[in-house]
Amino acid sequence: MAKNCDVCGKKLKLFKSVNVTDGKVCYDCMKQIGIDYLKLPMSLTIEDTLTISEVKDFQTKKQIINVHQRWEDYKNNKMQNKIAEQRNRIAKQDKYEQLKANIKADKPVKKGKVYLDFAKKQIFIDKNLLEDYHLYNFSDFTSYKTIENPTTINKNHSLSHSVIGGLVAGPTGAVIGAFAGNKSYDAVSKMAIILYFKDNNYKQLNYISTATKIDTINYRTEQENMQRFCAHLDKILAYNTTDVSDTLSAPVNTDQLRNLKGLLDDGVITQADFDAKKKQILGL
Ligand SMILES: [Zn+2]
């Protein structure tokens, strides 16, 4: 299955062609631009640095490639890119760690990877394997909803438990004792909060993710935890509405102040800078 040289069009001979970045070129064409594969060391894959149009261009201009110079440049370039990439990665990691440390220093309300920072009025969602971290202002948080998926747990029981009928409640109703000797327990298969943000991102926080009977300490504890977290979320939503009316009734730019505080926290400006600017914004 012979192919043709992408430069001269001649049929390629076995082991007498190389792969440039975007095609195949015969040894003869390469030799015309100063690359002699019979003399070139194997480690020097100069063809990796070339394109078909470059080879054609060199041929037209009757130019010879300075193989070793080109190879050095190529390697240096590659290394520099690698170093730059590495630097970017380190800088990004530093920024993330600093940010997380700053959030943690405020002793935020935490559930899973979600941190509610009432000092900075920010919500930090830590990164996971699939997703980078997110940092939101309280004003980016729009709403939340809770999920409680009902289910039933069936167990064989020889004794009759009259208490079961008394314990079940809720809109799902009780499915009890459908079969003789079988008892059904009201349970939830999932209990979670979903937080919604302005950028259409959302985050689910699971409190229960395996079928759990509702008459257990585990269920009640998780329910309390969830309700406590919801109370914090309500507080944030209340802040947001207050902030809106603040900006309507007073000329104070809270966003500006918040940004300023962020700059101070990030060490971009000094405390003195912050104080001066704050006075200016507040009109003091
Ligand atoms: Zn050729």
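Summary table below
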quantity	calculated
Evaluation of LYS10 against (1) more than 10 Å from the ligand (Cβ to nearest atom); (2) at pLDDT 95 or above; (3) surrounded by fewer than 17 Cβ atoms within 10 Å (Cβ to Cβ) (one fails), failing number	(1)
Residue pairs meeting the criteria (Cβ under 7 Å; at least 6 apart or on separate chains; first exposed (fewer than 12 other Cβ atoms within 10 Å of the Cβ), in the stretch 268-283; second part of a helix (DSSP H, G or I))	GLN271/LEU264
Selected residue (only one of LYS61, LYS56 is more than 19 Å from LYS75 (Cα to Cα) and away from the ligand (no atom under 12 Å from the Cβ))	LYS61
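Here is a yes/no grid of residues against (1) in contact with a Lys or Arg (Cβ under 9 Å, 6 or more places away or on another chain); (2) in the same structural domain as THR142 (by TED's automatic domain parsing); (3) of a type in the set (Val, Ile, Thr); (4) not in a helix (DSSP H, G or I):
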| residue | (1), (2), (3), (4) |
| --- | --- |
| LEU195 | yes, yes, no, yes |
| ASN200 | no, yes, no, yes |
| LYS203 | yes, yes, no, yes |
| ASN206 | yes, yes, no, yes |
| ASP215 | no, yes, no, yes |
| ARG220 | no, yes, no, no |
| ARG228 | no, yes, no, no |
| LEU233 | no, yes, no, no |
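Condition check ((1) away from the ligand (no atom under 16 Å from the Cβ); (2) over 30 Å from ASP126 (Cβ atoms); (3) within 47 Å of the chain's Cα centre (by Cα)) across all residues:
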| site | (1), (2), (3) |
| --- | --- |
| ASN19 | no, yes, yes |
| CYS26 | no, yes, yes |
| LEU38 | no, yes, no |
| LEU50 | no, yes, yes |
| ARG87 | yes, no, yes |
| LYS92 | yes, no, yes |
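The values are calculated or read from the model by the stated rules, or taken from the named source; none is laboratory data. Everything numeric in this text was worked out from a predicted model, so none of it was measured. Here Cβ is always computed from backbone atoms with ideal geometry, including for glycine, and neighbour counts include all displayed protein chains.
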